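Dropping the structure in here first, questions after.
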Amino acid sequence: MKRLAIGLMMFVAVPAMAQTGAVNTGVASARDVWNGMTQNIIKSAEQMPEADYAFKPVATVRSFGELIGHVAGAQYMFCAMAVGDPPRGEADIESTVKTKAGLVEAIKASTEYCKKAYAQTDAAAGAALKVFGQDQNRMYALTLNAAHNAEHYGNIVTYLRIKSMVPPSSQPRTGQ
């Protein structure tokens, strides 16, 4: 997981350096990875028709809707850790919210909540905390959230492709 997170941060930092002439560090790099993945997840949630929110490629995996709910709930969990807030009740979105409208709203709301976590300074992100019983820091929680979103965006791409849809990351960029 750590290698994935580091690789994702490098994937974003190099293009950012080429565009701005400066290298993002710490929280800014994690924020760039997180933001890109999360925007693709939101666009995917908006793109998938309501009728396909119950779709599962096989019976042993989450439905598309459950996947969106899982990501939304996990964002609340990781970002609460990263700002030192107590665990949030929204973490169980996966099993409580069932409609497309509700799940799109949930992923957008969890993203809005996470913005304050990704707005903290590198110094603040160095604060110690426990992550799943391990001694870590806030930056670890931010990176883990970004990596978790990237992992599940990969799942989402498969769901969209099976439904003959082009995922947001493969769609033409506006203005190009």
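The values are calculated or read from the model by the stated rules, or taken from the named source; none is laboratory data. Since the structure is predicted, the reported quantities are computational estimates derived from the model, not experimental observations. With ideal geometry, Cβ positions are generated from the backbone for all residues, glycine too; neighbour counts draw on all protein chains shown.
How many residues does the range 108-158 contain that are within 22 Å of residue 65 (Cβ to Cβ) and of a type in the set (Ser, Thr, Tyr)?
Summing the residues that are within 22 Å of residue 65 (Cβ to Cβ) and of a type in the set (Ser, Thr, Tyr) in the range 108-158 gives 5.
Inside the range 92-101, can you point out the residues that are among the aliphatic types (A, V, I, L, M) and part of a loop (DSSP other than H, G, I, E, B)?
If the condition is that a residue be among the aliphatic types (A, V, I, L, M) and part of a loop (DSSP other than H, G, I, E, B), then 97 is the only one that fits.
Quick one: in the range 130-155, which of the residues that are modelled with pLDDT under 95 and assigned to a strand (DSSP E or B) is surrounded by the fewest Cβ atoms within 10 Å (Cβ to Cβ)?
130
How do the pairs read when you match residues in the range 80-105 that are over 25 Å from residue 47 (Cβ atoms) with residues anywhere that are of a type outside the set (Asp, Glu) and modelled with pLDDT under 90, using Cβ under 9 Å and keeping only pairs 6 or more apart or on different chains?
Matching pairs, first to second residue: 80/86; 80/87; 80/88; 80/91; 81/87.
Further, regarding this structure: Hey, could you check the range 107-129 for residues that are more than 15 Å from the chain's Cα centre (by Cα) and hydrophobic (A, V, I, L, M, F, W, C) and say which is surrounded by the most Cβ atoms within 10 Å (Cβ to Cβ)?
125
Can you name the condition, by its number, that residue 79 falls short on among (1) at pLDDT below 95; (2) surrounded by 15 or more Cβ atoms within 10 Å (Cβ to Cβ)?
(1)
If you check 99, 38, which single one turns out to be at negative phi, surrounded by fewer than 21 Cβ atoms within 10 Å (Cβ to Cβ) and either in contact with a helix residue (DSSP H, G or I) (Cβ under 9 Å, 6 or more places away or on another chain) or hydroxyl-bearing (Ser, Thr, Tyr) (or both)?
The match here is 99.
Say whether the condition of being in a helix (DSSP H, G or I) and either of a type in the set (Phe, Trp, Tyr) or touching a residue at least 60 places away in the same chain (Cβ under 8 Å) (or both) is met by at least one residue in the range 115-123.
yes
Something else now. What residue, of 61, 104, is within 19 Å of the chain's Cα centre (by Cα) and in a helix (DSSP H, G or I)?
Criteria check complete, one pass: 104.
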